Every structure is written in C-alpha cells, then in structure tokens.
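The values are calculated or read from the model by the stated rules, or taken from the named source; none is laboratory data. As the structure is a prediction and not an experimental result, all values here were calculated from the model. Reconstructed Cβ throughout: ideal geometry from the backbone, glycine too, with neighbour counts over all protein chains shown.
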Ligand code: C2E
Ligand code: MG
Ligand code: MG
Ligand code: MG
C-alpha cells in the first residue's frame, strides 16, 4: 500500500516515509480497511444511489436531479459520503464507486423515461476519476451500452480540478463535453475562484455553494455577494443552480436575481429512486389538477 504510506507521509508534512508514528499507522490501517469494505460493499449491494430534485425557478417544475451516493455499512451503519468519499479518492476505490453510480444512474434514467419523465441526471465526479487516459471513453461506452444519451447526463466537478490544470483531466473533460455531456462546477465560490478558468474551460452550469445562502435574505452583504456571483455566471452565459435552498425568502430573492434552478431541502432532501418517482408523479397530478 505505497499509496497510503505516501498519503500518510504527506499528511504529516514529510517528503519521504521512513516510519509511521502510531496515529498515522492507525489512520492508514483505517483507510485500508475502509477501502476493502467499500469494494466488498459494492459487491454486496450496500451502496444505493439517492436522488435530489432540482427545480426550474421559472416554472417550479423538476428539471433535473442529482445522484448522491449512500452507504449502509454492515457493522458501522450508515456512513455519509463526506466521510467515505475522501478516503475513496485517496485509495482509488472512487473509480469503482463512480462506475457503480454511472451504471445505476443510466438505468434509473431509463426507468424515468419509461414513466414519462424526461430529466437530466447529474452525478459528482472526483478529479482522480479523470486521470486515466481512457476515462471519458469508458464512460461514454457505458452510456452507449445502457442507451442513455450523453446530453441527459451532467457531471459535477469542483473548481480545484480545473485550477490544477492537469492535461489528461482536461482532455477527458473536453471529450465528454464534445459528446454532449453537460459539465457543472459544484460548490462554486468556495475554491480558489480565479475566474479565468471559467472562460478557458468547457463548462455549462455553475452550482452556487449553499454557504452563500445561509444568511440570505437577512444579511444585506450576503445578498449582494449572491447577486455578484449570479451576474458573473450570467455574463459568461452559464446556467446557475443554487444549492441549499431551505426557505421561501431565499426562493424569492433567487428568482429576483434570475437564478435558473433551485435545489434544497425546501423542495426535497435526497431520496431513494422510488420516492423520487412518487415525487414526480405527485407534481404532475398537482400541475394537471
Ligand atoms: P455536493 O455534491 O455538493 O452535494 C450536495 C450536498 O448538500 C448533499 O450532501 C445534499 O444532501 C446536501 N444538501 C442538499 N440540499 C440541502 C439543503 O437544503 N440544506 C443542507 N443543509 N444540505 C443540503 P451529501 O449527500 O451528504 O453529499 C455530500 C458530498 O459528498 C457531495 O456534495 C459530494 O461532493 C460528495 N458525493 C456524494 N455522492 C457522491 C458520488 O457519487 N461521487 C462523488 N465523487 N462524490 C459524491
Ligand atoms: Mg454535487
Ligand atoms: Mg455542492
Ligand atoms: Mg460538495
């Protein structure tokens, strides 16, 4: 596990590894066992893809949904993605998880189509998943196999990936976008935020991080900041999704600022596929009376 040793060394701020101290060894061992548990967990059906609806601000109708991974560990219970994704990114298990999510997403997309709902599904992708020379080819082949049109898939990446300017990652990103896959910048505004990369790189959507909504609309400075972020995106002809929408006051302000899409607990938390379908059917009933 040379990878883990290097990681432990980096975490400790050293350049080379000659020994582990006890806590580092403990962290590395934990990562090794989590890594193993994630791989067997995929085989044993412990992972499930949940979906959170994304609403069109103008019509109030669901236009997209985001796939969010859930893990029910056999002995530790539910482990949130904020805990296992960072480990999976370091150990490489993220590629297996990503493959699982993409397959599930394309099959669920088919089921939505069959039920009469034409949605775009977005999924999160970590930088490491773009590192293989043929990452994009593999994903596009999987989409073709499952007969999901690339234009119905959106991939969410973070600003930090574009900032690092890794040639191979960018080549894969461009290949996906040329095939029609939509690209979104997730957690926009929380990274390094050099705005130049937005002009240079292939991006369709930005997702404004929910930290920008926390004190809206009570805090005038926060409102102005939100306004500025949305204007930047509009200037660059990017579509905007606001994350973490929890109340009607936020909806009113976001609509006034002409934010395109809204996502948050106010509409729905992430739910299993069956509940997403119910949510969509109820919405249709309401609209058609
Ligand atoms: P994210 O992509 O920014 O996803 C949004 C997170 O915000 C989700 O947390 C969601 O449940 C939460 N959220 C949505 N609306 C609200 C709201 O109104 N209020 C609050 N307080 N929270 C809200 P979750 O599902 O725990 O996921 C956390 C992060 O884990 C994701 O952040 C994403 O970075 C990562 N992640 C999840 N699934 C995957 C995956 O399949 N692959 C990869 N690479 N990362 C994933
Ligand atoms: Mg996301
Ligand atoms: Mg986000
Ligand atoms: Mg995030």
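Structural remarks
- Contacts under 7 angstrom Cβ, first residue in region 232-251 being within 18 Å of residue 60 (Cβ to Cβ), partner surrounded by fewer than 15 Cβ atoms within 10 Å (Cβ to Cβ), 6 or more apart: 246/265
- Any hit, region 208-222, residues being assigned to a loop (DSSP other than H, G, I, E, B), away from ligand 3 (no atom under 14 Å from the Cβ) and buried (at least 17 other Cβ atoms within 10 Å of the Cβ): yes
- Residue list for region 21-46, filter: buried (at least 19 other Cβ atoms within 10 Å of the Cβ) and under 20 Å from residue 108 (Cβ atoms): 41
- Scanning region 71-122 for residues that are free of Cβ contacts under 8 Å to residues at least 40 places away in the same chain, within 16 Å of ligand 3 (Cβ to nearest atom) and touching a helix residue (DSSP H, G or I) at 6+ places or on another chain (Cβ under 8 Å) yields a single hit, 89.
- In region 171-185, the residue that is farthest from residue 138 (Cα to Cα) out of those that are touching a residue at least 40 places away in the same chain (Cβ under 8 Å) and in a helix (DSSP H, G or I) is 173.
- Condition check for residue 249: more than 27 Å from residue 162 (Cα to Cα) and modelled with pLDDT of 95 or more: yes
- There is at least one residue in region 186-196 that is assigned to a helix (DSSP H, G or I), more than 15 Å from residue 261 (Cβ to Cβ) and modelled with pLDDT under 95.
- Residue 148 within 16 Å of ligand 3 (Cβ to nearest atom) and in contact (Cβ under 8 Å) with a residue 24 or more places away in the chain: no
- Residues of region 111-130 classified as at pLDDT 95 or above, assigned to a helix (DSSP H, G or I) and within 16 Å of ligand 2 (Cβ to nearest atom), total: 0
Table: residues versus (1) farther than 20 Å from residue 158 by Cα; (2) touching a strand residue (DSSP E or B) at 6+ places or on another chain (Cβ under 6 Å); (3) away from ligand 4 (no atom under 16 Å from the Cβ).
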{"position": "203", "(1), (2), (3)": "no, yes, yes"}
{"position": "226", "(1), (2), (3)": "no, no, yes"}
{"position": "232", "(1), (2), (3)": "no, no, yes"}
{"position": "237", "(1), (2), (3)": "no, no, yes"}
{"position": "254", "(1), (2), (3)": "yes, yes, yes"}
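- Selection from region 228-256 of residues that are in a helix (DSSP H, G or I) and buried (at least 16 other Cβ atoms within 10 Å of the Cβ): 229, 230, 232, 233, 250, 251, 253, 254
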